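One structure is given here, and the rest of the page talks about it.
The values are calculated or read from the model by the stated rules, or taken from the named source; none is laboratory data. These numbers come from a predicted model, not from an experiment. Glycine gets a Cβ as well: all are built from the backbone with ideal geometry, and neighbour counts include every protein chain shown. We work out accessible area using only protein heavy atoms, side chains counted, and drop any ligands, DNA or RNA first. Shrake-Rupley method; radii C 1.70, N 1.55, O 1.52, S 1.80 Å.
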Amino acid sequence: MQMMIADQFLESVSGERIQINNPATGTACGEVPAGGGEDVDFAVQAALDAFTPWATLPNSRRGGLLYRCAELIRREADRIALILTTEQGKPLREAKDEVYGAAAVFEYYAGSASLVSSGYADRLPRYGYGIVQRRPLGVCGAIIPWNMPVLIAAWKIGAALVTGNTLVLKPSSKAPMAVLALGEVMKRSGLPGGVLNIVTGSGNLVGDPLISHPEVKKISFTGGMETGRHIAGVAARTMKRVTLELGGNDPMIVCSDVDPVAVAEAALLLRLYNCGQICTSPKRLIVEDEVYEAFVTHLKRRISEVVIGDGTDPSSMIGPLNSEEVRSSVEHAVWRLGDEGAEVIMGRIPDTLPRKGFFCLPALVTGCDGDSPVLQEEIFGPVIAVINAGDSDEAIDIANNTRYGLGASVWTQKIEVAERLAEGLEAGIVWVNQHMKLPPEVPFGGVKGSGSGRENGLAFIEGYTEEKTILISR
Ligand code: TXE
C-alpha cells in the first residue's frame, strides 16, 4: 500500500518500505512506505495548502462530507475489517465492530457540526458589543497505536476535520494498512486532497518530525506512557496543544449483591475482547468476599473453553497478540504473578492452533495481591487477574493503587453503593454494570498517568478550535 499525501498515493522519498506481519502466522502480509522527515514536510505543506478552502466551508458542508464517508465506510466494512484482522490479529467480527464503530464516530461528528458556532456579547455598556469567533487551529497531527487503529483514527480525524482543521496522521507501523484503507475510502467519498494526509513509518523517523514541526498546531496522541512523555516535552517547545491517552489499568469492582456467575461471564468476555489489548479493558477484577468463590469457580470452568485461533476462523474467540514483543511482556507478567503466590490457570491449546504466530494462551490468575507491583502496571493481553477484597472500602483502595486512571467500573444493584464508589474512583470514566463502552457522545480520557485532555463528547470543540474576540465600539 502507499501513503496518502495531498491528492496522491505515494511511496516515501527514500523509496524504502516496511514489512507488515500477520500476527497469526508471523509472516509478511503487506508492505507500506517507510516515511521520513521529507515526507512529513510534504504532508504538512499539503495540509497547509488545503486548510483555508476547508476551514471556510460552511460547517454543514464539512458535516455532510463526513456523513458520506460514514456511508461508504459501512459499505466497505468487510474489506477494511479483513485488512485489520490480517495485520492486527483480532477476530474478524471484532474488526467489523471496529469499522462500524468508526462509521458511527463520523456520523456523530457530522451531526455535531452545527455546534461549532461563534458567540456574541451584546450590550457591553462601555465597549459596544463583542463577537467571539471559533476558529480552527490549522494543521493538526495525530499519532495512533496498533490496538484499535481504525476506531482511534476515526476519533481524531472526525474531531479535527469537522472543526475545519486539516490533519497529518501517523499510524503505528504494527498496523497501518487498515488506516490507509480508511483514508482511501474517505478520499473516494469526496474529501478534498490535503485535508487528511496519512504518513506511514517509524516513531523516530515520522513521529518526531511531526511533533516538532513548527506548522503543526496540535498533536493528539494515543499510545504508551513513555512515548507520551516524550511527545509532551517536544511539543511544548513549539507551543503545541497536546492531548494524550496513555493507556489504563482499569479496575472492575464486583460488589457482594450481584449475581456472581453473570458478572464473571461479562468480565471474561470484556477482558478477552481484542485479546486484552485495549486501554479500557478491565485489567483488575476486584471481587468482594461474599461472591468471590462463586465468581472464581465460574471463571475456572470457562477459561478452558476459550477458543484461540486465527482471527479469520469464525470459531476463534480470541486471536493472537499483535507482536512477539507484546506476547513476551504478557507471558512475563503471568510468570511474575505466579512467583508472587497467585494461582495461575492457563487456557487450553487447541490442536488446530497454528505453530507460528504470536499466540498467547489466556490466563486466569486468582488470589492476586492488591499491592502486587505486577498489577500496578498495564498488562496488555488475555490475563484475567482476580483480587479478593473484604469490602467496598478495601476495593476502592486497591482500585486506586496504580499510576493509571483511565476507566473503572462498579457492579452492583444498589444505587447508593454505585454513587459512593464512582465518586471515589480515580478515573476519567466510571461505568456502572458495564465496562469499556465508549459512545462518541461522551468525553473520553484519563487522569493521573493515563494522560490529559479529552476526546469525543463536546470536548472536541474546545480541543480543536480557539476563540478570537472582536470588540466593536461605534
Ligand atoms: O506504543 P508506542 P507501543 C501501551 C501498551 C503497550 C505499550 C507500548 O502497554 O504494550 O503501550 O506499545 C508512535 N515520536 N499501549 O510500542 O511506542 C508509534 O510509531 C512520535 C497503550 O505500540 O507509544 C505509534 O504510532 N511518535 C495504548 C505510537 O507512537 C512516536 C495503545 C504508539 O507507539 C515516537 C497501545 C516518537 N518518538 C499501546 N515513538 C493505549 N493508550 O491504549 C513511537 N511513536
P(r) of the range 74-184 over all Cα-Cα pairs, 5 Å bins starting at 0, rounded to whole percent, reads 2, 12, 19, 18, 15, 10, 7, 5, 4, 3, 3, 2, 1, 0
Restricting to DSSP H runs of at least four residues, report the calculated mean residue ellipticity at 222 nm for the chain, -39500 (n - 2.57) per run over all residues, nearest 500 deg cm²/dmol. -12000 deg cm²/dmol
From Cα pairs below 8 angstrom and at least 6 apart in sequence, can you work out the relative contact order of the chain, rounded to a whole percent? 19
Before anything else, pin down the relative contact order of the range 140-221: Cα pairs under 8 Å, at least 6 apart, normalised by residue count, whole percent. 41
Karplus-derived 3J(HN,Hα) from phi for the range 291-299 (6.51 cos²θ - 1.76 cosθ + 1.60, θ = phi - 60°), whole Hz, x at Gly and Pro, runs 10, 4, 4, 5, 4, 5, 4, 4, 5
Please give the direction-averaged projected area of the C-alpha convex hull for the chain, in square nanometres with one decimal. 23.7
Going residue by residue through the range 351-365, the Karplus relation 6.51 cos²θ - 1.76 cosθ + 1.60 with θ = phi - 60° gives ³J(HN,Hα) values, rounded to whole Hz and with x marking Gly or Pro, of 4, 7, 5, x, 5, 8, x, 9, 6, 9, 5, x, 10, 9, 10
Say the dipole of the range 98-198 comes from +1 at the beta carbon of Lys and Arg and -1 at that of Asp and Glu; which of 182, 154, 132 then lies farthest toward its positive end? 132
Distant-in-sequence amide H partners of residue 18 (H built 1.01 Å from N, under 5 Å): 32, 34
Charge dipole of the range 227-294 built from unit charges on the beta carbon (Lys, Arg +1; Asp, Glu -1), centred at mean Cα; most positive-end Cα among 251, 261, 238 is 238
5 Å is the cut-off here: which amide hydrogens, built 1.01 Å from N in the peptide plane, fall below it relative to residue 253, excluding neighbours closer than 5 in sequence? 286, 409, 410, 411
Each residue of the range 367-375 in order: what ³J(HN,Hα) in whole Hz does its phi give by Karplus 6.51 cos²θ - 1.76 cosθ + 1.60, θ = phi - 60°, with x for Gly and Pro? x, 6, 7, x, 9, 3, x, 5, 7
Report the FRET efficiency, 1/(1 + (r/R0)^6), for residue 131 and residue 312, where r is their Cβ-Cβ distance and R0 is 45 Å, rounded to 0.05. 0.20
For the table 187/218; 170/217; 156/187; 240/448; 218/448, the rows whose alpha-carbon distance is greater than 19 Å are 187/218; 240/448; 218/448
Probe 1.4 Å, all chains present, heavy atoms only: residue 217 accessible area in Å², nearest 10, is 80
I'd like to know how the range 294-370 sits against the 2.2 N^0.38 Å rule of thumb: what's its Cα Rg over that expected value? 1.16
Volume in Å³ per residue [convex hull over Cα atoms, computed for the range 325-474]: 197
On a full-extension model of 0.36 nm per residue, what is the gain between residue 226 and residue 442, subtracting their alpha-carbon distance, rounded to one decimal in nm? 75.1 nm
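How charged is the neighbourhood of residue 299? Take every other residue with its Cβ under 10 Å from the Cβ of residue 299, and add Lys/Arg as +1 and Asp/Glu as -1. All intermediate terms of the calculation are to be shown ahead of the outcome.
On the way: positive: 271, 300, 301, 302; negative: 265.
Net of charged neighbours comes to +3.
May I ask what percent, to the nearest 5, of DSSP beta bridges between residues of the chain are antiparallel?
Roughly 45 percent of the beta bridges in the chain run antiparallel, per DSSP.
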At a 1.4 Å probe radius, carbon and sulfur cover how many percent of the accessible area of the chain? 53
Reachable lysines from residue 356, criterion Cα separation under 20 angstrom, eight or more residues apart if same chain: 90, 174
With only alpha-carbon atoms counted, please give the Rg and Dmax of the range 391-452, in Å. 11.6, 34
Cut-off under 22 Å on the C-alpha distance; same-chain residues fewer than 8 positions from residue 300 excluded. Which lysines are left, in chain and number order? 283
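Wrap a convex hull around the Cα atoms of the range 1-120, take a quarter of its surface area, and give that in square nanometres.
Mean projected area for the range 1-120: 9.4 nm², to one decimal.
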I need the P(r) histogram for the range 83-145: all alpha carbon pairs, bin width 10 Å from 0 out to the longest distance, whole percents. 16, 24, 25, 17, 10, 6, 2
Under a 1.4 Å probe, what is the accessible area of the chain per residue, stated in Å²? 39
